[in-house]
1. Can you give the longest run of the chain that contains no GluC sites (Glu not before Pro) sitting in a DSSP loop with at most 13 other Cβ atoms inside 10 Å?
2. For Cα pairs less than 8 Å apart in space and 6+ apart in sequence, what is the mean separation divided by the residue count of the chain, i.e. the relative contact order in percent?
3. Determine, from the Cβ-Cβ distance of Ser25 and Glu89 and an R0 of 41 Å, the FRET efficiency 1/(1 + (r/R0)^6), rounded to the nearest 0.05.
4. Rounded to whole Å, give me the distance from the Cα center of the range 90-126 to that of the range 32-63.
5. Run the accessible area of the chain with a 1.4 Å probe and give the carbon-and-sulfur part as a rounded percent.
6. Would you mind counting up the charge near Ala23? Only other residues with Cβ under 15 Å from its Cβ, with Lys and Arg at +1 and Asp and Glu at -1.
7. Nearest 20 debye, what's the magnitude of the dipole of the chain about its Cα centre given +1 on Lys and Arg Cβ and -1 on Asp and Glu Cβ?
8. Averaged per residue, what accessible surface does the range 1-116 expose to a 1.4 Å probe, in Å²?
Amino acid sequence: QVQLVESGGGLVQAGGSLRLSCAASRRTFANFVMAWFRQAPGKEREFVAAIRWSNERTYYGDSVSGRFTISRDNAKNTVYLQMNSLKPEDTAVYSCAAGALAGDSSIYYPRLYGYWGQGTQVTVSS
């Protein structure tokens, strides 16, 4: 069992920055991936970013590429999402996910992740 604890959400003005954190109680040891998804009211869950633990390869959704950066701290079993140049359309509940995913194509599908955090609200005002 992997427990995920998120922090760092809040209210910011457009153009501002936030850093989200997700701490895992433990890692899986084969193809371990940690990711961020987000969901706004009335919309589908959207892939934001992911990182493959073994080689630190990163993946980004088109809507956040160039503005968000995902990184990890191996010693702390923690993944971070640095969010810059925030826009009102970034407003959503952001959820951390973890799983054992072998292929690049599987990264984008939330149903393939086995563990989820509780979610943290990010609100960007105009």
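1. Numbers: sites that count: Glu44, Glu56.
Looking at the chain, 57-126 is the longest stretch - no exposed GluC sites (Glu not before Pro) with at most 13 other Cβ atoms within 10 Å.
2. Numbers: 303 pairs, mean separation 43.5, N = 126.
So the answer I get is 35 percent.
3. Values: r = 33 Å, r/R0 = 0.80.
Calculated value: 0.80.
4. Rounded to whole Å, the Cα centres lie 5 Å apart.
5. On the way: 2900 of 6320 Å².
On the chain, the fraction of accessible area on carbon and sulfur atoms equals 46 percent.
6. On the way: positive: Arg19, Arg26, Arg27, Arg72, Lys76; negative: Glu6, Asp73.
Value of the local net charge: +3.
7. Values: 13 positive and 9 negative charges, 51 e Å.
Its charge dipole is roughly 240 debye.
8. Details: 5830 Å² over 116 residues.
For the range 1-116, the per-residue accessible area is 50 Å².
The values are calculated or read from the model by the stated rules, or taken from the named source; none is laboratory data. What you see is a predicted model; the values in this text were computed from it and never measured. Reconstructed Cβ throughout: ideal geometry from the backbone, glycine too, with neighbour counts over all protein chains shown. Remember, those area values only see protein heavy atoms, side chains included, never the ligands or the DNA or RNA. Shrake-Rupley method; radii C 1.70, N 1.55, O 1.52, S 1.80 Å.
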